[in-house]
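Below is one structure, written out as structure tokens; the observations come after it.
The values are calculated or read from the model by the stated rules, or taken from the named source; none is laboratory data. All values derive from a computational prediction rather than experimental measurement. Methodologically, a virtual Cβ is constructed for each residue, glycine included, from the backbone with ideal geometry; neighbour enumeration extends over all protein chains shown.
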């Protein structure tokens, strides 16, 4: 296939690029490097299947020409910081919603047949059903990040109803692994590098969520795409996550153990009366992944605890 990966120098996007190039697909990465890093994709620079375009998706100018004769767009470009979306909503509006509109217009004008969109579990908000299936309603996000991602989903679905394109929407759990640049694991490791005796934890430590290794996320993504392209639906939604959860305090315990630290003092900093790390933080999350498992035969190799431990080991080893 001839493919484009927006945000392909970022965390999840770079893992997707690795897989696509390895499988023999032609891949063009479009990234403004606001959060992505060239080192994540440098191994492909001399590969004839790979092309890199530094461009801002908010400005549809020098990247539009690359949408001609493309088989699939993997739209992974986004500002992923949920906390930033609460303190500076405009960033998420521009980086996530405005850029998605420009991508859809490029797809429409160039008759791109398929868009695969990286959505998020935060579109569910705080559901009353857990594990939460794709059919759950109402969708009531509690963060700007979640609401913008849901707006992107609705916009994409509408385009598939009006124009000859199909869309696969993937609601990811917390994805972790090598190349990650943000999130609780990176935060804790960096803090412990600065102070090996004390760790500040945002929230009361009981926040409990599903964590999925990037390797599993990409495998699930491509399995979902393979199944989706066999049916006649204009769009389809899949949850992509793990079957279990791990809480923030357990993550802290795993990290201190892997760093060889003992007697670390945990200092909890809840910002809300019910112990959240910040306003808009979903405290408990677990996706129902029955649909993707039944339809594709995929299941994650790692559970949440194993994904955290494997990720910590890789990141600590790299930093050392």
For region 70-93, how many residues meet the condition of being in contact with a strand residue (DSSP E or B) (Cβ under 9 Å, 6 or more places away or on another chain) and part of a helix (DSSP H, G or I)?
-> 2
Give the residue, chosen from 15, 25, that is assigned by TED's automatic domain parsing to the domain that holds residue 112, in contact with a strand residue (DSSP E or B) (Cβ under 6 Å, 6 or more places away or on another chain) and farther than 20 Å from residue 94 by Cβ.
-> 25
Which residues, taken from region 55-89, are modelled with pLDDT of 90 or more, on the phi < 0 side of the Ramachandran plot and surrounded by fewer than 17 Cβ atoms within 10 Å (Cβ to Cβ)?
-> 58, 59, 64, 65, 68, 71
State whether the residues of region 107-117 include one that is under 25 Å from residue 184 (Cβ atoms) and touching a strand residue (DSSP E or B) at 6+ places or on another chain (Cβ under 6 Å).
-> yes
Residues being under 21 Å from residue 101 (Cα atoms) and either touching a helix residue (DSSP H, G or I) at 6+ places or on another chain (Cβ under 7 Å) or not in a loop (DSSP other than H, G, I, E, B) (or both): count how many of those fall in region 37-69.
-> 10
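Residues checked against (1) closer than 27 Å to residue 136 by Cβ; (2) assigned by TED's automatic domain parsing to the domain that holds residue 153; (3) not in a strand (DSSP E or B):
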position	(1), (2), (3)
193	no, no, yes
200	no, no, no
217	yes, yes, yes
222	yes, yes, yes
232	yes, yes, yes
253	no, no, yes
Out of (1) surrounded by fewer than 17 Cβ atoms within 10 Å (Cβ to Cβ); (2) touching a residue at least 60 places away in the same chain (Cβ under 8 Å); (3) in a helix (DSSP H, G or I), what's the single condition that is false for residue 130?
-> (3)
